[in-house]
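Worksheet: the structure to be examined is printed underneath.
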Amino acid sequence: MVCGGFVCTKNALSALNILYVMVSLLLIGVAAWGKWFGLVSSISVVAGVIGVGVFLLFVAFVGLCGALKHHQVLLFFYMVILFMVFVLQFSISCACLALNTEQQNQLLEVGWNKSENTQKDVEKTLNCCGFSSVNLNQTCPARCVSDSSCSSCASILQTYAGDVLHFVGGVGLFFSFTEILGVWLTHRYRNLKDPRTNPGAFL
């Protein structure tokens, strides 16, 4: 069977969903590991990452079952969900790559003010105190408090923000193209007939 036929399309779609399963388990594992070892204390961050992992695992499971059984209904819903995820992820990835320095600073400040636990995680990891100005009167878990050598976290975050956003945007674009590939493979696979069944049967 040449590539592009039933078997090849089935194997390609199955392999793509196995990749999604691995990525989803990695997301769940990293989030749980970070929480277990105290690297991230924010419940909302951990829950968000685990939620994304579980959702991706569910989508991959639907796609894998649909591919293995050539199930028309499962493949249809998988294709629709994957396309919606593609549109959302592609938009977010483009936004990450298009943000200028001022917009990055505004985004950092919004994220900083959203959670006190996130603030403490950043201060402890980057050894800084406060966002735009150093305030040693507040409870700051950074090591630099002992010798009053702390700098503001904004100045440190800004040096990494651009690279991180470009990395996230690039990875997001890569996976968004794998998703549109999955949509195309699913659409093609749904319209192929299984050579092992009755050639006159409706699929």
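The values are calculated or read from the model by the stated rules, or taken from the named source; none is laboratory data. These figures come from a predicted structure and were not determined experimentally. When we count neighbours, we look across all protein chains shown, and the Cβ atoms used for this are built from the backbone with ideal geometry, even at glycine. Just so you know, the surface numbers come from the protein's heavy atoms only, side chains and all, with ligands and any DNA or RNA stripped out. Shrake-Rupley method; radii C 1.70, N 1.55, O 1.52, S 1.80 Å.
When the accessible area of region 41-132 is split by element with a 1.4 Å probe, what percent falls to carbon and sulfur? Ligands and nucleic acids excluded, carbon and sulfur reach 71 percent. Under a cut-off of 20 Å between alpha-carbon atoms, report the aspartates and glutamates in cross-link reach of residue 124, not counting same-chain residues fewer than 8 places apart. Those aspartates and glutamates meeting the cut-off are 109, 116, 147.
Counting every pair of alpha carbons in the chain, the share spaced more than 26 Å apart comes to 49 percent.
Please give the FRET efficiency for residue 94 paired with residue 7, using the beta carbon to beta carbon distance and R0 = 22 Å, rounded to the nearest 0.05. Numbers along the way, then the final one.
Values: r = 36 Å, r/R0 = 1.63.
FRET efficiency, residue 94 to residue 7: 0.05.
Taking 28 Å as the straight-line reach from the Cα of residue 193, the lysines in range (excluding those fewer than 8 positions away in the same chain) are 10, 69. Any chance you could run the full-extension gain for residue 26 through residue 65? It's 0.36 nm times the residue separation minus the Cα-Cα distance, nm to one decimal. Going from the current span to full extension adds 12.0 nm.
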